[in-house]
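Reading through the structure tokens given below for one structure.
The values are calculated or read from the model by the stated rules, or taken from the named source; none is laboratory data. The structure presented is a predicted model; accordingly, all values stated were derived computationally and were not measured. Here the Cβ positions follow ideal geometry from the backbone for every residue, glycine too, while neighbour counts run over all protein chains shown. What goes into the accessible areas is simple: the full protein's heavy atoms, side chains included, and nothing from ligands, DNA or RNA. Shrake-Rupley method; radii C 1.70, N 1.55, O 1.52, S 1.80 Å.
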Amino acid sequence: MILFFYNLALLLALAITSPWWLFKMATAEKYRDLSKRLGRLHPSLLNPARPTLWLHAVSVGEVLAVTRLVQELDAALPGHRVVVSTTTRTGQALARQRFGVDRVFYCPLDLPWAVASVMKTLQPRMLILAETEFWPNLLAACFRRNVPVVVVNARISDRSWPRYLRLRRLWRRFLSRLSAVLAQSDLDADRLKAIGCSSVSVAGNLKFDVRAPQQSEATRLLQEIGSGLKFLVAGSTLEGEEAALLAAWPALLHSDPRLAMVLAPRHPDGFAAVASLLDSVGIPWSRRSGWNVQPPNRLEPGHIVLLDTIGELASVYSLATVAFVGGSLVEAGGHNPLEPAQFAVPIVMGPHYANFRAITDDLLAHNAIRIATPDQLVVTLVDLLANPVQAKALGARARAVFEQQAGATARCVVAIQALLPNPAPSSIHEPAIVERRA
């Protein structure tokens, strides 16, 4: 009955808003991908020769988190194939880059016929969801076909928690039938159990297992043309943060005249706005995308590079003298500080990190990160630039936290294998999983 009313409301909303969606699809390129979410898949995904595991990762952050998991599943289950769906364009582009175009597709809209079409085509033996991407029709379709559903890297953010709690009676019918929920932390496990998940284990955070897969072309070029420079790498920035960093730039250059900055906005839609902002302040700058045609011969101190490409930031962090992780000066919940931590880079974040609270709190507990309000940003960055010994020690502690928390991928592989019919023995060492069953 709940599913009936959900679908009725969904269809009514679709009927009312369809003119708006059609207009957007006709006038804005990013909305045209909606047509790829109606259940039709590329022929490369038809009639698989091997049993299929379907892994869904919403966007860039989730794709990065599951990259090593996909690799380990490929190695541990050679008789199966893993296909990956995403929701966003940027996630799709990165997934195709990481996993190959022949096994990546857009997740269908949560419409009964779209979901049924994809299920019929893939005939998955398992659905693996990254984090908490719960869609009623998708879950119901799996349950009707006795397809086990596993949630990896499961979490409920501070922002989402009140909403899930209010609707827990509606969610319980679906969540109680999940085959396994592998939570990031004890807090996440408690929250997931409270909203109706009947089988929850604490496996850890997959993002502690993230490694930059290889040196990106941007990293290679920066090493070549920026030899002798120090880099402030500001990653995943949002509107308002770029202006704050540019306002701080004169003081940072005064502190260290050999400094250059790599500025990486979180969303591709923001590249043009940041370019206009850079033009308006009169600071020497260049686009990374422009280097594909003609890279500069040399970067001078004070230069700013707009990293307007997808998938290169994680590797570029390896060059940072200091890293600023964005989405945290503004109230957006922050982004992943582990990307620079893996390279022993000293990290600065703003005070808004609710989306990565467990990770950031762990770094704070080990004195492995600096938190700065907008008013403190300049003095915090200057202090790290002016005290390289302290900065290096801060980065080393961050790397130690990163290494100590690794192992979630192996735990997830073992749990997934256990739910498959006649799973092959795993060659992966199994770290302990903390059981928290209802």
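Within the listed set LEU34, LEU394, LEU263, the residue fluctuating most in the Gaussian network model of the chain (springs between alpha-carbon atoms under 10 angstrom) is LEU34. For the pair ASN387 and TRP20, label points projected 7 Å from Cα toward Cβ lie 5.1 nm apart. Amide H to amide H, with H built 1.01 Å from N, PHE134 comes under 5 Å of no residue 5 or more places away or on another chain. With respect to the chain, whose longest principal axis is taken over its alpha-carbon atoms, helix 377-386 is tilted by about 60°. Other residues whose C-beta falls under 12 angstrom from the C-beta of GLN71 contribute a net charge of 0, scoring Lys and Arg +1 and Asp and Glu -1. Close amide H partners of LEU259, meaning residues 5 or more places away or on another chain with modelled amide H under 5 Å apart, are LYS230, GLY302.
Which translational diffusion coefficient, to the nearest whole µm²/s, is obtained for the chain from the Stokes-Einstein equation, given a Kirkwood hydrodynamic radius over C-alpha pairs, 4 °C and 1.567 mPa s? Estimated diffusion coefficient is 56 µm²/s. Taking only protein heavy atoms and a 1.4 Å probe, the accessible area of the stretch 289-421 is 53% carbon and sulfur. Coupling constants for the stretch 118-126 follow from the phi torsions by the Karplus curve (6.51 cos²θ - 1.76 cosθ + 1.60, θ = phi - 60°), and in residue order they are 5, 4, 5, 6, 7, 6, x, 7, 7 Hz; glycine and proline get x. A 1.4 Å probe over all protein chains sorts ARG96, ARG159 by accessible area into ARG159, ARG96, starting with the largest. To the nearest ten degrees, helix 408-419 and the longest principal axis of the Cα atoms of the chain are 10 degrees apart.
Could you provide, to the nearest whole Å², the per residue accessible area of the stretch 262-334 with probe 1.4 Å? Before the final figure, lay out the partial values.
On the way: 2920 Å² over 73 residues.
Computed with neighbouring chains in place, this is 40 Å² per residue.
Entry comment: accessible area of the stretch 93-190 is 43 Å² per residue, from protein heavy atoms only and a probe of 1.4 Å.
Can you list the trypsin sites (Lys or Arg not before Pro) in the stretch 216-318 that are in a DSSP coil and have 12 or fewer other beta carbons within 10 angstrom?
Values: sites: ARG220, LYS230, ARG258, ARG266, ARG287, ARG288, ARG298; in loops: ARG258, ARG266, ARG288, ARG298.
Here the trypsin sites (Lys or Arg not before Pro) that fit, given the DSSP loop and packing criteria, are ARG298.
Close amide H partners of HIS267, meaning residues 5 or more places away or on another chain with modelled amide H under 5 Å apart, do not exist here. Checking every one of the trypsin sites (Lys or Arg not before Pro) in the stretch 332-428 against DSSP loop status and a limit of 10 other Cβ atoms within 10 Å picks out no site at all.
Couplings 3J(HN,Hα) for the stretch 112-117, derived from phi with the Karplus relation 6.51 cos²θ - 1.76 cosθ + 1.60 (θ = phi - 60°), are x, 6, 5, 5, 4, 5 Hz, where x marks Gly and Pro.
Here is how the number arises for the chain: DSSP H runs of 4 or more residues each give -39500 (n - 2.57), the sum is divided by the residue count, and the result at 222 nm is -13000 deg cm²/dmol.
Equivalent-ellipsoid semi-axes for the stretch 139-273 (Cα gyration tensor, √(5λ), whole Å, largest first): 44, 19, 14. Using the Cβ of CYS142 as centre and a radius below 11 Å, the other residues enclosed give a net charge of +4, where K and R count +1 and D and E count -1. A simple rule links phi to the HN-Hα coupling: the Karplus curve 6.51 cos²θ - 1.76 cosθ + 1.60 with θ = phi - 60°, which for the stretch 306-311 gives 8, 7, 9, 10, 9, x Hz, with x for Gly and Pro.
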